[in-house]
Amino acid sequence: MNEQPLLAVRGESLLEVDPEIAYLSVSVTARDPDRAKTLRLLNKRAKANDEILKRFGDAIEKIDTARVSVSPQLRSRKPEERISGYVGVVWRTITVVDFDRLGELVAQLANQDLTEVAGPTWTLRPASPVHQRARVDAVQDAVQRARDYAGAIGSRLTDLVELADVGQTSDVSPRGLMFAGAARASARPASAPDEFTFEMTPIKQVVRGTVEARFRISPPDLAVEEPDRN
């Protein structure tokens, strides 16, 4: 008995959806000739940012301290190692879920002394159901393609031989805005620091799913019809 023919196809899906979370990168810097004063300034400015973050409540899901650095600044590169001062930096990553308040948050953080705000970076959660949707849609696309190809040669699908996940990725754009407190302070009225806000438009996230599948099909009907000579 002849073995049933194999049909191999690739199924694909593409979803364009709104982001679920946004990341802000916030750094606070302090400089002074005295190391102890540098640490006090750094702590004071970090606490000032903490007070701002507290006012946004549930709009912020998580605050992570990515890194803390305190280092001496040398007068020159000569071997004497003469220290001219110290610089301290605290880097944080802010996870924001309420996009309506995102522009307000950026504006208030950027208004602080020696504070830099970078972002937002829009993305989906790792466990977002959108990823599952993309995979399921890709499988359904593979089955439909296989049926189309089989039907074109007078066959039908009889069995699934293999289904492989080729890859499922999300196009997450890092594009955003960067604001430095000193650079933007002169562009807004000093009398109303809490009323200013930036307009933030979330970037659509493109999620792709791809699978490869092989099916057994019934013997094709490849008989060629004679052309009508009448």
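The values are calculated or read from the model by the stated rules, or taken from the named source; none is laboratory data. Not measured: the values here are computed from a predicted model. Positions of Cβ are backbone-derived with ideal geometry, glycine not excepted, and every protein chain shown enters the neighbour counts.
Of all residues in the range 1-49, those that are more than 30 Å from Pro202 (Cα to Cα) and among the small types (Gly, Ala, Ser) total 3. The criterion of being modelled with pLDDT under 95, touching a Ser or Thr at 6+ places or on another chain (Cβ under 7 Å), closer than 30 Å to Glu162 by Cβ and of a type outside the set (Ser, Thr, Tyr) does not hold for Gln73.
All conditions but one from (1) exposed (fewer than 15 other Cβ atoms within 10 Å of the Cβ); (2) more than 23 Å from Glu61 (Cα to Cα); (3) not hydrophobic (A, V, I, L, M, F, W, C) apply to Arg135; the one that does not is (1). For the range 30-40, a tally of residues being closer than 11 Å to Leu114 by Cα and either of a type in the set (Lys, Arg) or over 33 Å from the mean Cα position of the chain (by Cα) (or both) returns 1. Of all the criteria given as (1) touching a helix residue (DSSP H, G or I) at 6+ places or on another chain (Cβ under 7 Å); (2) among the basic types (Lys, Arg); (3) within 27 Å of Phe198 (Cβ to Cβ), the one not satisfied by Arg156 is (3).
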